[in-house]
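The values are calculated or read from the model by the stated rules, or taken from the named source; none is laboratory data. Keep in mind the model is a prediction, meaning the values are calculated, not measured. Cβ sites come from the backbone with ideal geometry, for glycine too, and all protein chains shown count toward neighbours. Protein only, heavy atoms only, side chains kept; ligands, DNA and RNA dropped before computing areas. Shrake-Rupley method; radii C 1.70, N 1.55, O 1.52, S 1.80 Å.
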Amino acid sequence: MLAVLLDPDQCKGALLVNIVSKLKTLTPDFVFVGGSHTVTSTDTLIEFLKAEVDTEVVQFPGNASQFSPKADALLFLSLISGRNAEFLIGQHVNSAMAVKNSGLEVIPTAYILIEGGKSSSVEYISNTHPIPHDKVAIAVSTAVAGELLGMKLAYLEAGSGAKNPVSVEMIESVRKNLAIPLIVGGGIKTEENLKAAFDAGADIVVIGNAFESEPEKIERFVEFTKAYNRNLNEN
Ligand code: 1GP
C-alpha cells in the first residue's frame, strides 16, 4: 500500500492546493499527516483534507501538540530506536486523555529510526541516535522488542529526505521476524525504490519529499502500486 505524507510545515499554500487537487481523483491507500517540527494542532489541515479527499487520513505526529481528533486514525508512535524517554512515553502521557476521549482508532506503532546517509530532523528534534544503516540485527531485535511489547505496527524510518532509503536487506530481515505489518519510509524517490521496498516485504511505503518536489509523481506511484497489487493477485 502507498501512503502520501503531508508535512504541515512543508506542504501549504499553492503546493498543498496542487497536491490535494491530485488526491481528489487519485486514490492512494492513505494520507499521513505529521512532521517533526510542527508544534500546533493539525486540525485545520485535517479538516480540509477530510472535506476534499476520499482517502483515509492517518496522523503521524512528531509530538503531542499535533494531535487532532478529526483524522480517521492515529499512529501512536514510540521511538523505540532511541533512548529518550520523552519520545518513548512522555509525549504519550501529554496527549493520552485527549486521544482516549476522541474515540479515534489508535494504532500503537514501533517507530524505528535508521541512519539514512544524512542527519535527519527526527534525529535532531528527538535527540536520539538512529540505528546504523548496516546494523540489520539491531533493527530486527528492536522491531521484535516492539512487537513483544504489544505494538501493532512497525515503522522503519530513514528520515524525511534521506539520501539512502532503508536497505532491502534490513527490510527483508525485519519482515521475516515480525508478524505485525511493516511500514517503510524515508528517501524513497523512484518507482525502483518503491518496488524494492515492496519486494523486500514492506506492507505500506510512505512518501513525502518526492511528491512535494514533483506532485505529478503521485499519479505514477499510485498507478505503480495498483499494478504491483494486480500482479501479486494474478501470480
Ligand atoms: C518521513 O518516512 C517519511 O517521515 C517519508 O520520507 O519525505 O523522504 O519521502 P520522505
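The set of residues in region 194-205 that are open to solvent by 10 Å² or more (accessible area, probe 1.4 Å) and outside any loop (DSSP other than H, G, I, E, B) comprises Lys195, Ala196, Phe198, Asp199, Ile204. Filtered by the rule that a residue be touching a Leu at 6+ places or on another chain (Cβ under 8 Å) and open to solvent by 40 Å² or more (accessible area, probe 1.4 Å), region 52-71 gives Glu52, Pro69. Pairs under 7 Å by beta carbon, first residue open to solvent by 60 Å² or more (accessible area, probe 1.4 Å) and outside any loop (DSSP other than H, G, I, E, B) in region 166-193, partner within 15 Å of the ligand (Cβ to nearest atom) and not acidic (Asp, Glu), six or more apart or different chains? From residues that are open to solvent by 60 Å² or more (accessible area, probe 1.4 Å) and outside any loop (DSSP other than H, G, I, E, B), the pairs are Val168/Ala196. None of Ile19, Ile46 is within 15 Å of the ligand (Cβ to nearest atom) and farther than 30 Å from Thr142 by Cα except Ile19. Only one of the numbered conditions (1) acidic (Asp, Glu); (2) within 16 Å of the ligand (Cβ to nearest atom); (3) open to solvent by 40 Å² or more (accessible area, probe 1.4 Å) is not met by Glu86, and that is (2).
Every listed requirement among (1) within 13 Å of the ligand (Cβ to nearest atom); (2) farther than 15 Å from Glu212 by Cβ is met by His37 save one, (2).
Which of the residues spanning region 206-235 are within 14 Å of the ligand (Cβ to nearest atom), open to solvent by 40 Å² or more (accessible area, probe 1.4 Å) and in a helix (DSSP H, G or I)? Passing the criteria: Asn209, Ser213. Contact map, region 7-23: residues that are closer than 19 Å to His37 by Cα paired with residues that are surrounded by fewer than 19 Cβ atoms within 10 Å (Cβ to Cβ), Cβ distance under 6 Å, separation 6+ or inter-chain. Pairs shown: Asp9/His37.
The condition of being over 24 Å from Glu56 (Cα atoms), open to solvent by 20 Å² or more (accessible area, probe 1.4 Å) and either within 12 Å of the ligand (Cβ to nearest atom) or among the charged types (D, E, K, R) (or both) does not hold for Glu105. Scanning region 130-165 for residues that are in a helix (DSSP H, G or I), closer than 24 Å to Glu86 by Cβ and open to solvent by less than 60 Å² (accessible area, probe 1.4 Å) turns up Ala139, Thr142, Ala143, Val144, Ala145, Gly146, Glu147. All conditions but one from (1) touching a Phe, Trp or Tyr at 6+ places or on another chain (Cβ under 9 Å); (2) within 23 Å of Val39 (Cα to Cα); (3) buried (at least 21 other Cβ atoms within 10 Å of the Cβ) apply to Asn127; the one that does not is (3).
Taken together, Val31, Val58 contain a single residue that is within 16 Å of the ligand (Cβ to nearest atom), closer than 15 Å to Val99 by Cβ and modelled with pLDDT of 95 or more, which is Val58.
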